[in-house]
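Asker: Quick one: the structure is below, and I'll ask about it shortly.
The values are calculated or read from the model by the stated rules, or taken from the named source; none is laboratory data. Computed from a predicted model, the values in this text were never measured in an experiment. All Cβ positions, even for glycine, are placed from backbone atoms using ideal geometry, and neighbour counts span all protein chains on display.
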Amino acid sequence: MKMISVVLVAGIAVALVAVALGQDNDYDSEAALSFLVLKDYNGKPVRNASVVLHPVNKKGKQEKGGLELKADADGKCYFDGIPYGKLRIQVLATGFQTFGQDYEVNQPKMTITVKLLRPQGQYSIYTDKDNDQKKDDTPPAGDGAKPKQ
């Protein structure tokens, strides 16, 4: 019984070594990314911001798959094991413009700081640029009565 246990343990050890040698464990081609999400206007952190990572192929097209991280109360999140290459990063947070940019991951450790902007006003052909009031170009009803609905 003791001999079977020794043979079994030795067999498992040999199998693990064979699997480890057979895999492409190129740890140098993976990076640890740290993200810091801040408000552009005052530099304070944005809590609960979604940081979405998408791999990008050599043609610049976004590939399937990806990863979503959530920023903590300090606006920080972290992920280890990102393969080297192009990465599209999007950051979404309530009350801010969506951020998106491609980055080249080529170092073992990278810190990416994203400054989110407030939403901009919408443009409309119906507003007057001088005083931002609506232009009312509709003619009044002919007899002063309310229009029929």
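Asker: For region 24-101, which fully contained strands (runs of 3 or more DSSP E) count at least 2 residues that are surrounded by fewer than 17 Cβ atoms within 10 Å (Cβ to Cβ), small (Gly, Ala, Ser) and at pLDDT 95 or above?
Answerer: 30-39
Asker: Something else about it: Among the numbered conditions (1) among the basic types (Lys, Arg); (2) closer than 25 Å to Lys44 by Cα; (3) more than 11 Å from the chain's Cα centre (by Cα), tell me where Lys70 comes up short.
Answerer: The failed condition is (3).
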